């Protein structure tokens, strides 16, 4: 973790990776929850995801955690729940990558739900 990230990413969030979708049952399968360091804000702004779909953000999460991907679910705070929807997690709609300008140790990411 870069020096600036250890200073600024003092909150925790939990990610449930999307493993796949069962089209017959209409259910998503998620991996085990993973906690990571972050900072966050609640901000409603219009965005476009990687597929060109327009949406309005609910939360923006800032982190060096690089394993998040569109379709995963994320929750502000730590959780060990197996069902992200029941835990109150939101779907990741878009991810923006930024360079680690100061340390060049790890890139930063903005996760939009």
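The values are calculated or read from the model by the stated rules, or taken from the named source; none is laboratory data. Every value quoted in this text rests on a predicted model; they were computed, and no experiment measured them. FYI the Cβ positions are ideal-geometry reconstructions off the backbone, even for glycines, and counts take in every protein chain you see.
For the reader, a short list of remarks on this structure follows.
- Flag for residue 15 being buried (at least 19 other Cβ atoms within 10 Å of the Cβ), touching a helix residue (DSSP H, G or I) at 6+ places or on another chain (Cβ under 6 Å), part of a strand (DSSP E or B) and at pLDDT 95 or above: no
- Any hit, the stretch 76-83, residues being within 10 Å of the chain's Cα centre (by Cα) and touching a residue at least 40 places away in the same chain (Cβ under 8 Å): yes
- Restricting the search to strands (runs of 3 or more DSSP E) fully inside the stretch 19-113 and requiring at least 1 residues that are modelled with pLDDT under 95 and over 25 Å from residue 8 (Cβ atoms) gives 27-30, 46-48, 54-56.
- Screening 39, 72 for residues that are crowded, with 19+ Cβ neighbours inside 10 Å and under 14 Å from the mean Cα position of the chain (by Cα) leaves exactly one candidate, 72.
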